[in-house]
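What follows is a single structure, written as structure tokens, with notes after it.
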Amino acid sequence: MNDTDTRLTELLRDWGASRPDVLSKLMPRIADNLRDLAAHHVRRLGSTPTLQPTAILNEAYIRLANRDGVEFPSRAHFFAFASKLMRDLLVDHLRSRGREKRGAGVEALTLEAADRELRTHGMTPETILAIHLLLAELDRRDPRRAAVVELRFFGGLRMAEIAEVTGRSLASVERDWQVARRWLARELGAGS
């Protein structure tokens, strides 16, 4: 970890320890990363004129500033939290636009197709909602594996970063990712 990462981690810990005065020092250091993260989430929709990264960023900032009892022991923890927050905001936006049914309008959705869709042109709102609902179900069944999927698929973290955030070994995280992927693939196939 370099000095910049170390200082950022210290600021995140101080802020997480309910020191609101730290926010003014922290925001200039994380603003660009948060903006990129918001753009990453909005790009998942492909082209949508109704949602801009700035809207997600502004709402996320308000929720981050008003968070209650959430601590960030590392940079990776913070950005994983911020990514989940932004995904939740995106899903709320999609739900408000009337796309609530699991798999509505999605033909033969597979995890590989969703991943390919994401890499090529962004996910459809229906795909995002379908995976969001399945992730909620996985969280009820197996929160540890759901966290791995959340951090990898939606947060874009690498396996080593997930191991750091979760405090588990890389091998354990990779096993959980494989098991969760198989479960998601099976459930997506059953839902179509």
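Just so you know, all these numbers are worked out from the coordinates, no wet-lab data involved. In this text, all values refer to a predicted model and were calculated from it rather than measured experimentally. Don't worry about glycine lacking a Cβ; one is built from the backbone with ideal geometry, like all the others, and counts go over all protein chains shown.
Rounded, prolate or oblate: which fits segment 144-186 when a ≥ b ≥ c are the square roots of the eigenvalues of the alpha-carbon gyration tensor, with rounded for a/c under 1.5 and prolate only if a/b beats b/c? The shape class here is oblate. If the chain linking Met27 and Met159 were pulled fully straight, counting 0.36 nm for each residue of separation and taking away their Cα-Cα distance, it would gain 44.9 nm. Computed extension gain for Ser96 through Arg35, at 0.36 nm per residue and net of the alpha carbon distance, reaches 19.7 nm. Once both labels are positioned 7 Å from their Cα atoms along Cα-to-Cβ, the gap between Leu170 and Thr54 label points is 4.1 nm.
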